[in-house]
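See below for the structure under consideration.
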Protein chains: 4
Amino acid sequence: MIDSKYFYQQAIALAAAGEELYQRGWVPATSGNFSTRLDASSAIVTASGKHKGRLSPTDFIAVDLNAQPISEGKPSAETELHTRLYQRFPNIGAVLHCHSPVVTIISKLVKPRDAITLSDYELLKAFDGIDTHNSQVDIPLFDNNQDISALAKQVDNYFSKHASCPAYLIRGHGVYCWGDDLDSCMRNLEAVDFLLRCELELMRFSHGDQQ
Amino acid sequence: MIDSKYFYQQAIALAAAGEELYQRGWVPATSGNFSTRLDASSAIVTASGKHKGRLSPTDFIAVDLNAQPISEGKPSAETELHTRLYQRFPNIGAVLHCHSPVVTIISKLVKPRDAITLSDYELLKAFDGIDTHNSQVDIPLFDNNQDISALAKQVDNYFSKHASCPAYLIRGHGVYCWGDDLDSCMRNLEAVDFLLRCELELMRFSHGDQQ
Amino acid sequence: MIDSKYFYQQAIALAAAGEELYQRGWVPATSGNFSTRLDASSAIVTASGKHKGRLSPTDFIAVDLNAQPISEGKPSAETELHTRLYQRFPNIGAVLHCHSPVVTIISKLVKPRDAITLSDYELLKAFDGIDTHNSQVDIPLFDNNQDISALAKQVDNYFSKHASCPAYLIRGHGVYCWGDDLDSCMRNLEAVDFLLRCELELMRFSHGDQQ
Amino acid sequence: MIDSKYFYQQAIALAAAGEELYQRGWVPATSGNFSTRLDASSAIVTASGKHKGRLSPTDFIAVDLNAQPISEGKPSAETELHTRLYQRFPNIGAVLHCHSPVVTIISKLVKPRDAITLSDYELLKAFDGIDTHNSQVDIPLFDNNQDISALAKQVDNYFSKHASCPAYLIRGHGVYCWGDDLDSCMRNLEAVDFLLRCELELMRFSHGDQQ
């Protein structure tokens, strides 16, 4: 049974987050999709193809953690990328997928590596479990794939072998970011975008050095 | 006969789009012009020389598809660039012409090519008919010309020989972008500007490599 | 005699312009100053040292065209740079001086030249008297000087020998921009900042080429 | 005794500053912390871990100038970096610590120097005591350290030997900035961020020259 009041509260919160992310230019042209966990076996996710800055409660679908809709409507084509994360990490309560310029550009630029390592930033402490700038956080990078099930399995397989982290990138596509609840997911997303923006700017200088 | 209620609705919708585009810095200093189709043989277009962030319904003119005014006022000097698109593509309902920094800069930078090819971006799927990042979309680039009729014919000639696409650039000038209706035109414009912004940033790195 | 109603109207209009310019980051940290002409022999100018995003009517002083106050208060230390322009160009009605990042950076970067030449931009047509992109507009660049009278004379001397233009730069300092009235001055300022932003971005690429 | 009315006024003013700084992207992901002086021996500082764009009066703690709380709650872990400044400079009334992209990037880029020297900018006059662009202001840069007491002593030791200035940087971390009161602190912060942004852009060009 879906708790309709809780569904509605979550939809309103995600719509407000969407408006803020759209204003920042992180979900242009109907891109991106958002979800929060409803309970141990279900989540609420954005419907397919909506303007992410003008979401209303009817633009959300309840799904089980196999990405199958359990309320009316057509969920985002990338729903399985959300539900696999809820399965893999029982503690998380929200997933935000965005296409900011920074994550798109750096995802196309960092070609030979399969992760971007962040270190020596005070802002790393925004991530749970990090208490010093003198840490390393790996943001993995996956090739884009229209076969969402295959991509979701590849991501899940990565996290079966590597330490948890708050986000991953898909090349030429965007970022998936998660957190205990929507507020901590927004905090992680702000930190990831900020840190990758710094890395991108620093690459301009190190790029020159390597010539 | 002009349906004055529909004219008014379209003017209000274009004025709202103009305010948003002005806030983004895409139509500075009275630049840009906007239109939507009224019916099979007419369109509504911005008057000449207006501040695009403060348009009122009296700042729009009805024109036939030969760019001749059919209501009072002086339509934009570039009206024929709009009406030729409505003639060429019977399905489209809106055309937005902007001067964002990104389109202006990249249009002056990409000198020897006559089109910018976009590929390996998930956001290409924002364009109708594209269902995979593994696609190519060519954004043609034309030299600027104060003879608007000549330029309109050159553009039309290009599309008589090439596949449709959602936008073209004019060198040192800006972008023309279209869609089925105003919402899809805005979606296409956001996607084009985002993708060209990514290309411009990536050119900074590849530029260094070519030295 | 100062027309107090007209003074008040001009103060309100300049305060609104100031709020917009502050939001864009073009007058940070109390920098910049603004004026409009009151009549053939006087102008209204911002008081010294005010926050330019929160101006009130009492933050303006009436001055004669020799930069001497004719109402209570201390006018901006740079008032003579405004009044000399009103003397030189009888047609102009407004002067805006800003410190945007773009004008500050490019003014420090373009070292050996005494003017920045803008050409092949459609947006040049935002300037009065320009009707084709195939034009050249020179934006002169002067060395900074705390002796405002000396600097004002240097600028005036330049314009006694060169064609008019809508703006000049002071190295490491900012831009002075003018127009027939406040609206056309804002239009010119938007166009100048946009075009210099494009030039700055293009210099990054041509800079690489010259290595 | 804490003057609860004055405490409340200061909290409201800092919350408003926080909202503005958050909108600019200078305190992302709960980063940053803010304070104002209450009297000769105490200050009000942000509580630990709060969203800096949504502060309420209960998100502030009164502390003595040894960084010990004298009201309920847990002050920011970096409180000693604030209180040492109030001890060192008896005239100052406010301290803002931010993580803007510009200060974070430049702090990681300028490796071999222990200060960034700003000169030939008109905006230097935003700082008290500077009356010409032909001045030099050194912004010192310290290595990051999770031992806040050690870092606070290192900063204090620096200022025991060097002239005062309005701000310092911590590598990979952010900026500390101060002023006579909150308004002048905001003015100094805007000027510092603007000037470092200019320096960062100029370094891109000089970097190329050095290749």
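For chain B, what's the relative contact order in percent, using C-alpha pairs closer than 8 Å and at least 6 residues apart? Mind dumping the intermediate values first?
Numbers: 369 pairs, mean separation 39.6, N = 211.
For chain B, the relative contact order is 19 percent.
Taking every residue in B:1-14, how many Cβ atoms of other protein chains lie within 10 Å of its Cβ, on average? Each step should come with its number before you reach the end.
Numbers: counts 0, 0, 0, 0, 0, 0, 0, 0, 0, 0, 0, 0, 0, 0.
Counting other chains' Cβ atoms within 10 Å and averaging over B:1-14 gives 0.
Once the stretch B:32-79 is represented by equal point scatterers at the alpha-carbon sites, with solvent omitted, what log10 I(q)/I(0) does the Debye formula produce at q = 0.20, 0.25, 0.26, 0.29 Å⁻¹?
Scattering profile of the stretch B:32-79, log10 relative to I(0): -0.55, -0.85, -0.91, -1.11.
Suppose the Debye formula is applied to equal point scatterers at every Cα of chain A; what is log10 I(q)/I(0) at q = 0.09, 0.10, 0.14, 0.16 Å⁻¹?
-0.33, -0.41, -0.80, -1.04
For the pair residue D:88 and residue D:135, what calculated FRET efficiency results from E = 1/(1 + (r/R0)^6), where r is the Cβ-Cβ distance and R0 = 22 Å, to the nearest 0.05? Working shown, then result.
Numbers: r = 22 Å, r/R0 = 1.00.
For R0 = 22 Å, the calculated efficiency reads 0.50.
If you average the C-alpha positions of the stretch B:1-51 and of the stretch C:29-53 separately, how far apart do those two centres end up, in angstrom?
Using only Cα atoms, the two centres lie 35 Å from each other.
Put a point 7 Å out from Cα along the line to Cβ at residue A:146; what are the distances to that point in the other copies, in nm, shortest first?
List, nearest first: 4.7, 4.7, 6.7 nm.
One decimal, nm, shortest first: give the distances between the label point of residue C:180 and those of the same position in the other copies, each label point 7 Å from Cα along Cα→Cβ.
Label point to label point, same position, other copies: 4.5, 4.5, 6.3 nm.
I need the semi-axes of the equivalent ellipsoid of the stretch B:135-177: take the C-alpha gyration tensor, multiply each eigenvalue by 5, square-root it, list largest first in whole angstrom. Mind dumping the intermediate values first?
On the way: eigenvalues 65, 33, 10 Å².
With the √(5λ) rule applied to the stretch B:135-177, the semi-axes are 18, 13, 7 Å.
Counting only residues 5 or more places away or on other chains, whose amide H sits under 5 Å from the amide H of residue B:135 once H atoms are built in the peptide plane?
B:120, B:121
Taking the Cα centre of the stretch C:4-210 as the origin, how large is its charge dipole in debye, to the nearest 20, when only Lys and Arg (+1) and Asp and Glu (-1) carry charge on their Cβ atoms? Numbers along the way, then the final one.
Details: 19 positive and 25 negative charges, 96 e Å.
In total the dipole reaches around 460 debye.
If you find the alpha carbon centre of the stretch B:112-132 and of the stretch A:144-211, how far apart are they in angstrom?
Between the Cα centre of the stretch B:112-132 and that of the stretch A:144-211, the gap is 23 Å.
Per-residue ellipticity at 222 nm for chain C, helices alone: DSSP H runs ≥ 4 residues times -39500 (n - 2.57), over residue total, nearest 500 deg cm²/dmol? Walk me through the numbers on the way to the answer.
Working: 5 runs with 81 residues, N = 211.
The helix contribution divided over chain C gives -13000 deg cm²/dmol.
By its C-alpha gyration tensor, with a ≥ b ≥ c as the square roots of the eigenvalues, how is the protein assembly as shown shaped: rounded for a/c under 1.5, else prolate for a/b larger than b/c, else oblate?
Note, shape of the protein assembly as shown comes out oblate.
How far is it, in nm, from the label point at residue D:128 to the one at residue A:77 when both lie 7 Å from their Cα along the line to the Cβ?
Result: 6.0 nm between the two label points.
Fewest Cβ neighbours within 10 Å first, please rank D:98, D:185 accordingly.
Working: D:98 28, D:185 24.
Starting with the residue having the fewest Cβ neighbours, the order is D:185, D:98.
Rg and Dmax in Å for the stretch C:52-158, alpha carbons only: what are they?
For the stretch C:52-158, the Cα-based Rg and Dmax read 16.3, 48 Å.
What percent do you get for the relative contact order of the stretch B:137-211 when only Cα pairs under 8 Å and 6+ apart count?
Numbers: 53 pairs, mean separation 18.5, N = 75.
Averaging sequence separation for qualifying contacts and normalising by length gives 25 percent for the stretch B:137-211.
Which FRET efficiency value, to the nearest 0.05, do you get for residue D:202 and residue B:64 by plugging their Cβ-Cβ distance into 1/(1 + (r/R0)^6) with R0 = 56 Å? Please list the in-between numbers first.
On the way: r = 53 Å, r/R0 = 0.95.
With R0 = 56 Å, the Cβ-Cβ based efficiency is 0.60.
Could you tell me the largest-minus-smallest coordinate of the C-alpha atoms of the stretch C:2-107 on each of the three principal axes, in descending order and whole angstroms?
36, 28, 22
So in chain B, what percent of DSSP beta bridges are antiparallel if you round to the nearest 5?
Numbers: 29 of 31 bridges.
Taking every DSSP beta bridge within chain B, about 95 percent pair in antiparallel fashion.
On average, how many beta carbons from a partner chain sit within 10 Å of the beta carbon of a residue in A:114-124? Can you show the working numbers first?
On the way: counts 0, 0, 0, 0, 0, 1, 6, 8, 12, 9, 1.
Whole-number average of other-chain Cβ neighbours for A:114-124 is 3.
Of B:116, B:83, B:48, whose Cα points farthest to the positive end of the dipole of chain B (charges on the beta-carbon: +1 Lys, Arg; -1 Asp, Glu; origin at the Cα centre)?
B:48
Given a 10 angstrom Cα cut-off, can you work out which residue in D:51, D:82, D:162 is the most mobile in a GNM of chain D?
Among D:51, D:82, D:162, the largest mean-square fluctuation in the Gaussian network model of chain D belongs to D:162.
Determine, for B:71, D:100, the number of other Cβ atoms within 10 Å of each Cβ, and report the residues in order from fewest to most.
On the way: B:71 14, D:100 24.
In increasing order of surrounding Cβ atoms, one gets B:71, D:100.
Could you size up the charge dipole of the stretch B:74-152 around its Cα centre, putting +1 on the beta carbon of Lys and Arg and -1 on that of Asp and Glu, and report it in debye to the nearest 20? Walk me through the intermediate numbers first.
Numbers: 7 positive and 10 negative charges, 45 e Å.
Using only the charged Cβ atoms, the result is roughly 220 debye.
Between residue A:40 and residue A:147, how high is the FRET efficiency from 1/(1 + (r/R0)^6) when r is the Cβ-Cβ distance and R₀ = 22 Å? Nearest 0.05. It would help to have the intermediate numbers written out before the result.
Values: r = 28 Å, r/R0 = 1.25.
Here the calculated transfer efficiency is 0.20.
Can you give the net charge of the other residues whose Cβ lies under 14 Å from the Cβ of residue D:160, counting K and R as +1 and D and E as -1?
Values: positive: D:84, D:88, D:153, D:161; negative: D:156.
Taking every Cβ under 14 Å from that of residue D:160, the sum is +3.
For residue C:163, go 7 angstrom from Cα along the Cα-to-Cβ vector, then report the distances to that same point in the other copies in nm, smallest first.
Computed spacing set for this position: 4.5, 4.5, 6.4 nm.
Of A:108/C:108; B:52/C:111; D:111/D:161; B:108/B:153; B:50/B:125; C:52/C:125, which pairs sit farther than 26 Å apart, going by alpha carbon to alpha carbon? Can you show the working numbers first?
Working: A:108/C:108 33 Å; B:52/C:111 36 Å; D:111/D:161 22 Å; B:108/B:153 22 Å; B:50/B:125 34 Å; C:52/C:125 29 Å.
The answer is A:108/C:108; B:52/C:111; B:50/B:125; C:52/C:125.
To the nearest 20 debye, what is the magnitude of the charge dipole of the protein assembly as shown about its Cα centre, counting +1 on the Cβ of each Lys and Arg and -1 on the Cβ of each Asp and Glu?
Here the size comes out at about 600 debye.
A short reminder: the numbers here are calculations on the coordinates, not readings from a lab. Nothing here was measured: the structure is a model prediction, and the numbers come from that model. Ideal geometry is used to build each Cβ from the backbone, glycine not excepted, and the neighbour counts take in all protein chains shown.
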